[in-house]
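Below is one structure, written out as structure tokens, with a few remarks after it.
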Protein chains: 2
Amino acid sequence: MSLTVISYHRTMVRWEPDAAGRLRTAAVELFAERGVDATTVAAIAERAGVTERTFFRYFTDKREVLFADQGQFASRFVTGVREAPAGASPMDAVVAGLREAQGFFPPERRDGARVRAAVIAANPGLQERELLKMAGVAEGMAAALRDREVADPVATIAAQAGIAVLGAAFAGWLAEGETRELPELIDEALRALRSLTAS
Amino acid sequence: MSLTVISYHRTMVRWEPDAAGRLRTAAVELFAERGVDATTVAAIAERAGVTERTFFRYFTDKREVLFADQGQFASRFVTGVREAPAGASPMDAVVAGLREAQGFFPPERRDGARVRAAVIAANPGLQERELLKMAGVAEGMAAALRDREVADPVATIAAQAGIAVLGAAFAGWLAEGETRELPELIDEALRALRSLTAS
């Protein structure tokens, strides 16, 4: 009997190798199908094949699922800026931040990112939260630039221009029919930024 | 008796030549003194010397006071972009939008703007709303650029770079000890943007 319980427990563990990832997928799918308001934690857990208790081990509430990896995402930008060569210009340091961040969105995340973006676009409260998240990322990069002895307003403007570049590239990546991947779209957006101020 | 009433009524009207403006000042003062949550519409109306009914003639709720003129503000940017000369580059059209908008903040609005900014900085919900407002302004300028046959990603990036310039200049304008006015700070921020992409 004792052995059976252990074996059952092991099976459960094997069945949840990525409970957080499956909960994320299930939540985004349900949000897209029914809307955020009409989706319950119980429904998310059921679709992911876990209990509600497991849900709350990873997330504080259903909206949290959409933003749970934001710390990881934000830290990539800052790491990129920090680790840029000592002689890099402020803009080159920001570009290093974008290059570090682009790895967060490999080709296989594109479909999920499209669904997530549609969910957020349909919900003003989530839009505000997304904007606050990106404002935080910009402020993090600006602070990392100031640590590199870049003064304001250059630090703030460089960081925000970088976020504008990423935002435009990311919107392109999600657009229907766009087949280029994020790194190439970031190149294009950087060329657009440079062309603006060239004349 | 009838004459007295008329005269009383006229006096009331004379006492409210700018009820909306006085309500705005009273609200921002009280928010700064007590916080937004602890401030009631009754207290705002009382300080402005009007009734609560008058308050609700102008605003739907107390937070609305902080954002009531946002339509007017946003339309200045779009007007500037639209009315830029036909041959203006995308960035020059955006600069025309900023020049139109800077008139919204004459020197005499600086103290009030500082208090409003402190109130918003102390309140995450208001920060989100402010970000959403500025995102809307950027999108309005981007749409006006697209009407001028500027394609994306250039249109979006130009508009967002413009908002980054304005934001940096505005933060400078509100900073303690800064004596330069907004037009000069916008010049400085534009030079910062141009320096970024010059190399």
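The values are calculated or read from the model by the stated rules, or taken from the named source; none is laboratory data. On a predicted model such as this, the values are computed, not experimentally measured, just so you know. Don't worry about glycine lacking a Cβ; one is built from the backbone with ideal geometry, like all the others, and counts go over all protein chains shown. To get the accessible areas, we keep the full protein, side chains included, count just its heavy atoms, and leave off ligands, DNA and RNA. Shrake-Rupley method; radii C 1.70, N 1.55, O 1.52, S 1.80 Å.
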Completion exercise
Per the C-alpha gyration tensor (a ≥ b ≥ c, the square roots of its eigenvalues), the stretch A:91-148 is rounded if a/c is under 1.5, else prolate if a/b beats b/c, else oblate; here it's oblate
Problem - Accessible area of the stretch B:69-198 divided out per residue, in Å², using a probe of 1.4 angstrom - result: 44 Å²
Completion exercise
Comparing A:Leu23, A:Leu145, A:Leu131 in a Gaussian network model of chain A (Cα, 10 Å), the one with the largest mean-square fluctuation is A:Leu131
Exercise for the section: Please build a GNM for chain A, connecting alpha carbons under 10 Å apart, and tell me which residue among A:Phe105, A:Phe56, A:Phe170 fluctuates the most. Expected result: A:Phe56
Completion exercise
Sorted shortest first, the nm distances from the B:Glu188 label point (7 Å along Cα→Cβ) to its counterparts in the other copies are 3.7
Problem - Test item: Cα-centred dipole of the protein assembly as shown, Lys/Arg +1 and Asp/Glu -1 on Cβ, debye - result: 600 debye
Fill in the blank from the handout: Expressed per residue, the solvent accessible area of the stretch B:19-66 in Å² (1.4 Å probe) is about 52 Å²
Practice task
Using a 1.4 angstrom probe on heavy atoms only, work out the carbon and sulfur share of the accessible area of the stretch B:74-168 in %.
Solution key: 56 percent
Practice task
Answer with one residue from A:Ser89, A:Pro124, B:Ala155: the one whose Cα lies farthest towards the positive end of the charge dipole of the protein assembly as shown, charges on Cβ with Lys, Arg +1 and Asp, Glu -1.
Solution key: A:Pro124
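Loop-only check: which GluC sites (Glu not before Pro) in the stretch A:9-98 are DSSP coil with at most 16 other Cβ within 10 angstrom?
For GluC sites (Glu not before Pro) across the stretch A:9-98 that sit outside H, G, I, E and B with at most 16 neighbouring Cβ atoms in 10 Å, the list reads A:Glu83.
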Handout entry: aspartates and glutamates whose Cα lies under 17 Å from that of B:Lys62, excluding same-chain neighbours fewer than 8 positions away
Key = B:Glu29, B:Glu33, B:Asp37, B:Glu46, B:Glu52, B:Glu128, B:Glu130
Completion exercise
The B/A contact buries a total accessible area, at probe radius 1.4 Å and rounded to the nearest 100 Å², of 2400 Å²
Exercise for the section: Once the label point is placed 7 Å from Cα along Cβ, list for B:Glu33 the distances to the corresponding points in the other copies, in nm, shortest first. Expected result: 5.5
Completion exercise
The alpha-carbon center of the stretch A:142-160 and that of the stretch A:47-98 are separated, in whole Å, by 20 Å
Handout entry: Dipole magnitude of the stretch B:69-198, debye to nearest 20 (Cβ charges: Lys/Arg +1, Asp/Glu -1, about Cα centre)
Key = 80 debye
Practice task
List the GluC sites (Glu not before Pro) within the stretch A:128-184 that fall in a DSSP loop (any state other than H, G, I, E or B) and whose Cβ has at most 15 other Cβ atoms within 10 Å.
Solution key: A:Glu149, A:Glu176, A:Glu178, A:Glu181
Handout entry: Within straight-line cross-link reach of B:Lys133, lysines at Cα separation under 16 Å, skipping those fewer than 8 residues along the same chain
Key = A:Lys133
Fill in the blank from the handout: For the protein assembly as shown, shape from the Cα gyration tensor axes a ≥ b ≥ c, cut at a/c of 1.5 then a/b versus b/c, turns out oblate
Exercise for the section: Find every distance from the label point of A:Ala143 to the corresponding label point in the other copies (7 Å from Cα along Cα→Cβ) and write them in nm, one decimal, shortest first. Expected result: 3.5
Exercise for the section: Return the calculated 222 nm mean residue ellipticity for chain B, to the nearest 500 deg cm²/dmol, obtained by summing -39500 (n - 2.57) across DSSP H runs with n ≥ 4 and dividing by the residue count. Expected result: -23500 deg cm²/dmol
